[in-house]
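Accompanying notes for the structure given below.
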Amino acid sequence: MLLNVVIIGSNDELQQHLDAWVANKHAEVVGILPVGDKDKMHIPKYLESVIASSMEELTPGKADVIDVCVPVQERSDWVKKAASFGSSIICPLPFGKTQDEERTVIEICWEKGVSLYAGNSFQFAPAFEGAHKHVKDGAIGKPGVIHLSSKEAHPGGDNDIFALFGIELFAWVVATFGEVVRVTGKHTQTTSKSGVPVEYAVTTLRMADGAIVHIELMWSGKSIESSFELAGSEGMLHYDSRESDPIHVETFTGSGHVHETDMVLNKSVLAREVEHYVACIRYGATPILTGDDVVHAMDVARAASVSAEMGEPVAIEGGVGQ
Amino acid sequence: MNIGIISFAHMHAHAYAEYVVKHPEAKLAAIWDADETRGMEAAKQYGATFYANLEAMLQADVDAVIVCSENAHHKEHVVQAANHHKPILCEKPIATEIDDAIEMIQACEQNNVPLQIAYPVRFLPAIQEAKTMIEADEIGEVIAINATNNGKMPGGWFVEKELSGGGSATDHIVHLLDVLRWIFRDEAHRVHAEYDTRFHDINVEDSGIVQIEMESGKVVSIDPSWSRPDTFPTWATVTMKFIGTEGSLYVNAFKQKSVYYNDRDGKVEDQPWTDDMNESLIHDFIDCVQTGRKPFISGEDGLRTLEVVKAAYQSDDEKRTVSVVRHEE
């Protein structure tokens, strides 16, 4: 039996999520609620009949899962509305613009007995997904020193870089390496001559098992980059998106063309994420990123922010599952 | 110019010996080593005279010395050489204790001889190029640096605290911090470190992440770990990522290499082809002695990095951020 999916989304995110669900043979899109200008979204003709213009038009109980893919500032509101349907919900991290919003949303879902699954582009990016498995399989032995970095263009506005940008990597670290006991964060920002903001943050995480993790977050420039180096007692795994682009192109006229990403994939990152959560919802598979992992990652993000402010390490009380 | 080498305890002594021998205006005239067998073998290899007594070597026809003894012995050897008015190139770290470093600097000042500390990373072509580009304002004002100097575990006295002063943090932080001080003329203000022993069965640290806030406000991360696996194709790596207002610059100083897939020996090996930093270091020291100029890298440079190494150990110990104290020489 197919999983019935309702997608609540805006713009590019709606398009990408729709593509991922349509590609999945175990799911059927039974409702689409476009948020924002519907005309800008390319919904295939055969799905036009399931487009709704409000939550009220969607039938509660008809959906097995609601995929909320809206901009950060709207996520918590839509997840709260979706929670009243009683279906499972998938929403990208972070679940809200502030941690208070996120924790409220998590509480509401818990009270209503609704499973809230976290979308995390790092968890399902194939290099990171593979590395997670290798680490769990003992490929590097006892983790020693772990490096992760992520860079993207500055999103504009005034945001907590740890809560908004760091959360996905923190969640991957928690899911892969376990509990964090101490966090030391540093943050700095400046402006380029042309007035574009540049923001940089680092976090040292001390894990419960003694491993040391360094995470670098950069909001600058235009390119999207990520890397990891996972060094342990029995080996090391290394990846750098700048070195993995399979295509280099030089054109002799015009301004030339720079290939945008190393992730040239038939099955997109989102499609992989959808596939995993279908298995969780349909077959009861254990999610690769549990609710406890997400809450702990949020604690890490908050501690990093506090540490950066105070200039001292911050201990995390309780750990995963508390 | 006759050069004497004091001890072959540090493996770099062989590189230094080779480049002294090759230098058109220098000769490796003398070697002393507390390990007489090791010293005599080296003397035979490089055509130098072996001295069983250091005092005797310092009284002989030696114009300058290179100190490559265990870290804890640097003070004794540098002070002795200074008292014999010999210009000195001393391996890093300058010493294992701040008081020792100060005593060494003072001894050289009082005897009016140059004390140069061996920080070869300054001589890596890619590092020098990065410095030129940063000074040309290519990435604007730098607000943060993420640096790594990782290697394989050297073993031997390097992992005996009474001789080395510590593990990978003692071995590697200094290389990166020295380059940052050199490029930015900046000093460390506050330090936080997390250390552990995760890779090897030894009694000193081999893992670490250090966060430094510079006086200028720059946010610096340093990874000095002995984290390269046995199968890694080279001994060590040096990487530095500079984040600026107008862009970012990433230098991977040992990336200039060919890769050799060696079926004969069953391994993959990097074949570096850029200029050898140790050769440049030796040439610079010899030039310093010949011209009588101030050393490119001074005892004070050595002391400044040692102060940060000590603050970092204190931070890891006490689980808090520590302010760096700078001592008068």
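The values are calculated or read from the model by the stated rules, or taken from the named source; none is laboratory data. Nothing here was measured: the structure is a model prediction, and the numbers come from that model. Virtual Cβ from ideal backbone geometry, glycine too; neighbours counted across all protein chains shown.
Of everything in segment A:19-53, what is touching a helix residue (DSSP H, G or I) at 6+ places or on another chain (Cβ under 7 Å), part of a loop (DSSP other than H, G, I, E, B), closer than 16 Å to A:C69 by Cα and among the small types (G, A, S)? Give them in sequence order.
A:G36
Looking at segment B:224-233, can you tell me whether even one residue there is part of a strand (DSSP E or B), basic (K, R), in contact (Cβ under 8 Å) with a residue 40 or more places away in the chain and facing another protein chain (nearest Cβ under 9 Å)?
No, the conditions are met nowhere in segment B:224-233.
Only one of (1) more than 30 Å from A:A208 (Cβ to Cβ); (2) aliphatic (A, V, I, L, M); (3) more than 14 Å from every other protein chain (Cβ to nearest Cβ) is not met by B:I143, so which one is it?
Single failed check for B:I143: (3).
I'd like to check which strands (runs of 3 or more DSSP E) are fully inside segment A:157-257 and have at least 2 residues that are more than 9 Å from every other protein chain (Cβ to nearest Cβ) and within 20 Å of B:I243 (Cβ to Cβ).
Numbers: elements: A:180-191, A:197-207, A:212-219, A:225-232, A:235-240.
Qualifying strands (runs of 3 or more DSSP E): A:197-207, A:212-219, A:225-232.
Among the residues that make up segment B:197-212, is at least one of them in a loop (DSSP other than H, G, I, E, B), surrounded by fewer than 18 Cβ atoms within 10 Å (Cβ to Cβ) and on the phi > 0 side of the Ramachandran plot?
For segment B:197-212, residues in a loop (DSSP other than H, G, I, E, B), surrounded by fewer than 18 Cβ atoms within 10 Å (Cβ to Cβ) and on the phi > 0 side of the Ramachandran plot: absent.
Of the conditions (1) under 21 Å from the mean Cα position of the chain (by Cα); (2) modelled with pLDDT of 95 or more; (3) surrounded by 14 or more Cβ atoms within 10 Å (Cβ to Cβ), B:F296 fails just one. Which one is it?
All conditions are met except number (2).
Given B:A15, B:A9, which one is closer than 23 Å to B:S280 by Cα and assigned to a helix (DSSP H, G or I)? Spell out the reasoning first.
Details: B:A9 fails: assigned to a helix (DSSP H, G or I).
Residue meeting the stated conditions: B:A15.
Among the helices (runs of 4 or more DSSP H) confined wholly to segment B:69-187, which include 3 or more residues that are buried (at least 17 other Cβ atoms within 10 Å of the Cβ) and not acidic (D, E)? Give the derivation first.
On the way: elements: B:74-83, B:98-110, B:125-135, B:161-164, B:168-184.
Passing ranges, in order: B:74-83, B:98-110, B:125-135, B:168-184.
In segment B:234-260, what residues are out of contact with any Ser or Thr (no Cβ under 6 Å at 6 or more places or on another chain), outside any strand (DSSP E or B) and facing chain A (nearest Cβ under 9 Å)?
B:G247
I need the full set of residues from segment B:126-140 which are within 11 Å of chain A (Cβ to nearest Cβ) and touching a Leu at 6+ places or on another chain (Cβ under 8 Å), in order please. Break it down into steps so the answer makes sense when it comes.
Let us first name the residues in segment B:126-140 that are within 11 Å of chain A (Cβ to nearest Cβ), namely B:137, B:139-140.
Selection gives B:I139 alone.
Quickly run through segment B:261-279 and pick out the residues that are without any contact (Cβ under 8 Å) to a residue 24 or more places away in the chain, within 28 Å of B:A118 (Cβ to Cβ) and assigned to a strand (DSSP E or B).
Going residue by residue through segment B:261-279, those that are without any contact (Cβ under 8 Å) to a residue 24 or more places away in the chain are B:261-266, B:271, B:273.
Of the ones still in play, those that are also within 28 Å of B:A118 (Cβ to Cβ) are B:271, B:273.
Selection gives B:Q271 alone.
Test each condition in (1) closer than 24 Å to B:E138 by Cβ; (2) more than 9 Å from every other protein chain (Cβ to nearest Cβ) for B:K218 and report the one that comes out false.
With (1) closer than 24 Å to B:E138 by Cβ; (2) more than 9 Å from every other protein chain (Cβ to nearest Cβ) applied to B:K218, the lone miss is (2).
Which of (1) under 30 Å from A:I212 (Cα atoms); (2) under 19 Å from the mean Cα position of the chain (by Cα); (3) surrounded by fewer than 16 Cβ atoms within 10 Å (Cβ to Cβ) is the odd one out, the single condition A:G138 does not satisfy?
(2)
So which pairs qualify, if the first residue must be in segment A:223-238 and free of Cβ contacts under 8 Å to residues at least 24 places away in the same chain, the second must be in a strand (DSSP E or B), the Cβ gap must be under 6 Å, and the two must be at least 6 apart or on different chains?
Matching pairs, first to second residue: A:H238/A:E229.
Go through the residues of segment A:272-283 one by one and say whether even a single one is more than 14 Å from chain B (Cβ to nearest Cβ), out of contact with any Pro (no Cβ under 8 Å at 6 or more places or on another chain) and farther than 30 Å from A:Q16 by Cα. Write out each step before concluding.
Going through segment A:272-283, the residues more than 14 Å from chain B (Cβ to nearest Cβ) turn out to be A:272-283.
Still in the list and also out of contact with any Pro (no Cβ under 8 Å at 6 or more places or on another chain): A:273-275, A:278-279, A:281-283.
Narrowing the set further to residues that are farther than 30 Å from A:Q16 by Cα leaves none.
Within segment A:272-283, not a single residue is more than 14 Å from chain B (Cβ to nearest Cβ), out of contact with any Pro (no Cβ under 8 Å at 6 or more places or on another chain) and farther than 30 Å from A:Q16 by Cα.
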